[in-house]
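Please treat every number below as a calculation from the coordinates, not as lab data. Everything quoted here is computed from the prediction, not taken from an experiment. Here the Cβ is made from the backbone with ideal geometry for all residues, glycine too, and neighbour counts use every protein chain on show.
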Amino acid sequence: MRFTRTSKALGIVAIAALALTGCGAGGGSNDGAGQSAGDPNKVITAYSNEPQNPLLPANTNEVYGGRVVELLFEGLTSYDPSGKSVNALAESIESPDGQNYTIKVKTGTKFTNGEEVTAKSFVDAWNFAALSTNAQANSSFFQSIEGYEAVSATAKEGDTEVPAPTSETLSGLVLKDDSTIEVRLAQPEADWPLRLGYVAFMPLPSAALADPKAYGENPVGNGPYKMAKEGAWQHDSQIELVKNEDYSGSREAKNGGVTFRFYTDPAPAYTDIQANNLDVTDVLPTNALQTYTTDFPENHLNKPYAGNATLNIPGYLPEFQGEAGKLRRQAISKAINRDEITKVIFSGTRIPAKDFTSPAVDGYNENVEGSDVLKFDAAKAKELWEQADAISPWPAGKTLQLAYNTDGGNKEWIDAVANNLKNNLGIQAEGQAFAKFAELLDLRKSKTLPGFARAGWQADYPSLYNFLGPLLRTGASANYEGYSNPEFDKLLNEGLAAKSTDDANAKFTEAQEILFQDLPNLPLWYQARQVVWSQNVTNVDSGWKGVILYHNITAK
Amino acid sequence: MIQYILRRLLQVIPVFLGTTLLVYFMVFALPGDPVRALFGERPPSEAVIVAIRQQYNLDQPFFVQYGLFLKNIFTLNLGVDFTGQPISASLARVFPVTAMLAVEALAIQAVFGIAFGLVAGLRKGKLFDSTVLLASLVVIAVPVFVFGFVLQLVVGVQLGWAKPTVGSDAEWSTLVLPATSLALGSFAYVLRLTRASVIENMNADYVRTATAKGLSRPRVVVTHILRNSLIPVVTYLGASLGGLMGGAIVTEGIFNVPGVGQKLYQSILRSEGPTIVAIVSVLVLVFVIANLLVDLLYAWLDPRIRYEK
């Protein structure tokens with residue numbers, strides 16, 4: 001491009017003029033907050049990536065499909081930004097015993113194709129999701145409901161044929177009338193209603209069940225947004241959502257729509273935000289973690305969400321059995337300097353863990369008895385290690401391996417932890433790298449790892465139980481390290497059967513005290529979400545799950 | 001001539017079988033169960049795993065899977081990927097974008113490389129020549145992604161003349177930045193190749209003859225020097241087309257171009273064997289056909305070369 005001297009001069013004048021008018025506008029907006037709000041019909045552009053599955057709520061189990069589905073649908077309950085579950089389409093959810101539930105559904109709301117949302121929309125959708133032949137990724141969310149075994153036809157590992165289910169519908173799920181659902185659970189679970197805001201429990205219009213495949217391409221929902229048009233999901237490129245004008249729930253859209261642009265790499269998205277070519281991103285490139293606060297002095301956010309990272313100790317490791325094993329677990333936990341690692345390696349984008357759950361869920365307690373073991377104390381760690389060696393010595397020359405997957409960028413902190421152990425305990429420790437997450441998972445499942453494994457968990461619904469049950473209960477689905485303690489299981493059951501959430505949380509806290517004794521895994525830190533946004537938008541925040549509250553974003 | 005083309009096309013068959021078998025095997029040998037990987041830490045019910053495995057034939061032994069894949073290729077039905085999308089549809093989406101990017105990059109490097117090389121060659125030893133030579137050395141020394149980031153930051157963010165990324169609207173105009181950064185790497189080679197060739201041809205007998213019989217300078221330069229100098233350049237350009245299409249993976253990443261490279265990268269991350277092999281198969285075809293075209297162009301440019309039988 002060529003610039004003459006005159007055009008350059010004109011350009012400078014124009015920039016100066018813009019700057020001056022900019023100042024003027026800024027000065028004038030002092031006398032009324034919110035008055036400067038921009039175009040309410042602005043379509044927000046947001047970072048995302050190609051969803052991994054068709055957009056059926058019960059088949060969406062990853063973040064990029066999840067954020068779309070959450071905007072397209074409204075369930076019986078929804079979560080407010082702090083993670084509290086509030087009634088949405090449910091008029092009331094009542095249970096005398098935590099096992100039998102009567103759900104009253106609000107009448108008069110509609111899907112965006114005009115079909116009314118009734119109790120039947122929920123019952124049919126749930127039966128569809130639970131039936132094993134439909135192969136929905138979230139089908140296991142219905143396992144608490146009575147009759148799940150009959151529709152899920154439990155396959156064993158290694159099966160090549162799906163066994164035929166013996167029933168098409170859940171026997172514990174009864175459509176009473178147009179606005180009433182009766183649910184019977186296999187056993188009392190007081191926190192069951194907390195799950196109803198999760199995408200697996202969304203209602204579906206009848207068209208969805210008639211042709212799920214076509215529906216997954218062009219989903220029709222009842223949420224604050226709808227697909228902009230037929231084919232609004234442009235594969236490998238973007239998904240366009242527009243405001244659903246008929247929506248009347250608590251998450252009403254304050255902008256004209258959201259376009260999710262797909263990036264396979266977070267770096268170009270970050271550059272786009274700097275150039276105001278994209279409005280908001282919730283995934284930062286690693287090298288930006290140190291600079292995002294200075295690159296975006298006003299427009300950034302660093303907020304904890306319901307996810308954590310742990311170092312898991314397989315139950316079969318011979319050096320970690322019995323009394324010596326217990327002492328070693330404690331020693332290692334106390335030898336890890338969580339404060340320093342989160343500060344230096346993560347630039348403050350993780351928060352040192354104080355328990356096995358997350359501060360983003362209701363009932364969180366940072367002073368659970370025994371949680372001292374997570375505090376860094378090199379001298380005490382060394383002492384505990386020597387006590388363990390006195391009982392049964394650490395094999396000479398043995399290196400403690402810390403397994404991690406490199407596709408998630410874990411090397412730096414694993415190395416830091418290994419150094420902590422080397423310096424503070426005087427043992428050999430090193431990272432054991434696996435190229436892919438799936439590879440590490442296979443080894444964890446087959447119980448063949450020679451050492452510890454890194455793990456991470458993100459809650460599906462805001463409950464302490466969701467961090468404890470699926471991961472640590474005997475035989476639980478994601479309990480890969482095989483931890484089992486009947487006392488812990490008993491407290492979980494008591495918590496689930498409790499009459500109120502507070503009683504339940506008290507039991508779950510008690511259960512955590514056992515975990516601090518046994519240390520089946522070492523809590524490391526809580527996850528936090530970093531978000532940056534452009535000069536064109538404001539009111540950006542993230543919710544309990546770390547997902548941006550897209551509906552609240554407004555134009556500047 | 002026709003026979004020659006046919007023979008070259010027949011060679012495609014073993015090349016195609018060999019590469020797909022190799023790539024398919026490598027994907028198959030990738031560690032980790034791709035179906036479980038779809039679910040992260042949170043395992044689905046076993047019935048779902050079995051159903052998905054069955055749907056994508058992942059429960060079959062390697063050669064059965066490969067055989068089914070070949071059958072699909074020859075019936076022109078590539079099947080669906082893990083998102084339920086027909087693979088043929090996603091190929092039809094990404095290949096035109098990358099082809100556009102590659103052709104634009106090729107055009108940029110050809111036009112500028114040949115022009116600068118010609119002028120530098122004609123003015124051998126002059127200031128322009130030395131400057132261009134030095135500059136091209138610098139360009140060769142700098143990796144492509146550095147140009148990508150610099151162009152993106154300076155032109156896209158600081159000056160704001162163009163959008164820093166491409167995204168959904170991939171057109172000739174929006175692809176200028178990525179195409180330029182992609183072209184810069186080979187541009188210097190084209191330039192140096194042209195220059196060397198021009199210098200050599202300036203002293204050739206036919207050029208002296210042409211000048212001696214009184215042809216105008218432009219005519220000597222264009223029909224005699226340039227045309228003969230283009231032979232090695234065309235070979236290089238043709239060979240680089242395949243490389244541009246396959247090698248755009250880095251550039252596409254920097255500028256978020258929804259092309260082949262991005263799709264391939266994502267498919268590898270998600271262990272989607274059929275998509276990876278389908279993309280590689282098409283890339284193989286592009287390579288082979290580009291090379292064939294180069295050989296044919298050769299004959300056209302240089303009548304001394306004849307393809308007998």
* **Cα-based Rg and Dmax for segment A:357-454, where Dmax is the largest Cα-Cα distance (Å)** => 16.1, 46
* Which number do you get for Rg(Cα) / (2.2 N^0.38 Å) in segment A:436-554? -> 1.33
* GNM top mover of B:Pro218, B:Pro274, B:Pro96 - chain B, alpha-carbon springs below 10 Å -> B:Pro218
* If you take the charge dipole of segment A:52-215 about its Cα centre, with +1 on Lys and Arg Cβ and -1 on Asp and Glu Cβ, which of A:Gly65, A:Pro165, A:Phe201 is farthest toward its positive end? -> A:Gly65
* In whole Å, what are the Cα extents of segment A:395-496 along the three principal axes, biggest one first? -> 44, 30, 25
* Quote the charge dipole size of segment A:337-400 about the Cα centre in Debye, to the nearest 20; the model charges only the Cβ of Lys and Arg (+1) and of Asp and Glu (-1). => 300 debye
* To do: State, to one decimal in nm², a quarter of the convex hull surface area for the C-alpha atoms of chain A, i.e. the direction-averaged projected area.
  => 30.4 nm²
* **Largest-first principal axis extents of the Cα set of segment B:125-177 (Å)** => 46, 19, 19
* Select from B:Val157, A:Tyr148, A:Leu402 the residue farthest towards the positive end of the dipole of the protein assembly as shown; place +1 on Cβ of Lys and Arg, -1 on Cβ of Asp and Glu, and compute about the Cα centre. => B:Val157
* Shape metrics for chain B, restricted to C-alpha atoms - Rg then Dmax, Å -> 24.0, 86
* Asked: Applying 1/(1 + (r/R0)^6) with R0 = 25 Å to the Cβ-Cβ distance of A:Asp39 and A:Ser250, what FRET efficiency is obtained, to the nearest 0.05?
  -> 0.60
* Asked: So if we plug the beta-carbon distance of B:Trp161 and A:Glu230 into 1/(1 + (r/R0)^6) with R0 = 35 Å, what FRET efficiency do we get, rounded to 0.05?
  -> 0.45
* When you look at the Cβ of every residue in B:164-174, what mean number of other chain Cβ atoms sits within 10 Å? -> 4
* **Inter-probe distance in nm under a simple model that places probes 7 Å from Cα toward Cβ, at A:Thr102 and A:Lys411** => 6.1 nm
* Cβ-placed point charges (K, R +1; D, E -1), dipole of the protein assembly as shown about Cα centre in debye, nearest 20 -> 4640 debye
* **segment A:52-215, relative contact order [Cα under 8 Å, separation at least 6], %** => 31 percent
* **Structure-based [θ]222 nm, chain B - -39500 (n - 2.57) summed over DSSP H runs of at least 4, per residue, nearest 500** => -23000 deg cm²/dmol
* Across segment A:52-215, how many lysine pairs, 8 or more apart or on two chains, come within less than 26 Å at their alpha-carbon atoms? -> 12
* Percentage relative contact order, chain A, counting C-alpha pairs under 8 Å, at least six apart -> 19 percent
* Which value, in Å to one decimal place, does the Kirkwood hydrodynamic radius take for segment A:287-379 when every pair of different Cα atoms is included? -> 15.6 Å
* Asked: For chain A, what are the DSSP H helices with axial Cα length of 15 Å or more and mean Kyte-Doolittle hydropathy of at least 0.0?
  -> A:5-28, A:119-130
* Asked: Taking N as the number of residues in segment B:1-90, what is its alpha-carbon radius of gyration divided by 2.2 N^0.38 Å?
  -> 1.40
* Enumerate the helices in chain B for which the Kyte-Doolittle hydropathy averages 0.0 or more and the C-alpha atoms extend at least 20 Å along the helix's axis, using complete DSSP H runs. => B:2-28, B:87-122, B:127-141, B:176-202, B:227-247, B:273-301
* Only Lys, Arg (+1) and Asp, Glu (-1) charged, at Cβ; segment A:52-215 dipole about Cα centre in debye -> 300 debye
* Structure fact -> Stretched fully, the stretch from B:Arg8 through B:Phe63 gains (0.36 nm per residue minus C-alpha distance, one decimal, in nm) 17.0 nm
* Starting from the Cα coordinates of segment B:163-309, work out the convex hull volume and express it per residue in Å³. => 139 Å³
* Send over the per residue convex hull volume for segment B:203-266, Cα only, as a whole number of Å³. => 105 Å³
* What is the percent of Cα-Cα separations in segment B:107-243 that go past 23 Å? -> 44 percent
* Pairs to check: A:Lys382/A:Lys507; A:Lys42/A:Lys226; A:Lys545/B:Lys263; A:Lys343/A:Lys382. Give those whose C-alpha atoms are more than 27 Å from each other in this structure. => A:Lys382/A:Lys507; A:Lys545/B:Lys263
* Descending semi-axes in Å of segment A:52-215, equivalent ellipsoid built from Cα gyration tensor -> 23, 20, 16
* Structure fact -> For A:Ala379, placing the label point 7 angstrom along Cα-to-beta-carbon and taking segment A:323-344, residues whose amide nitrogen sits under 19 Å are A:331-338
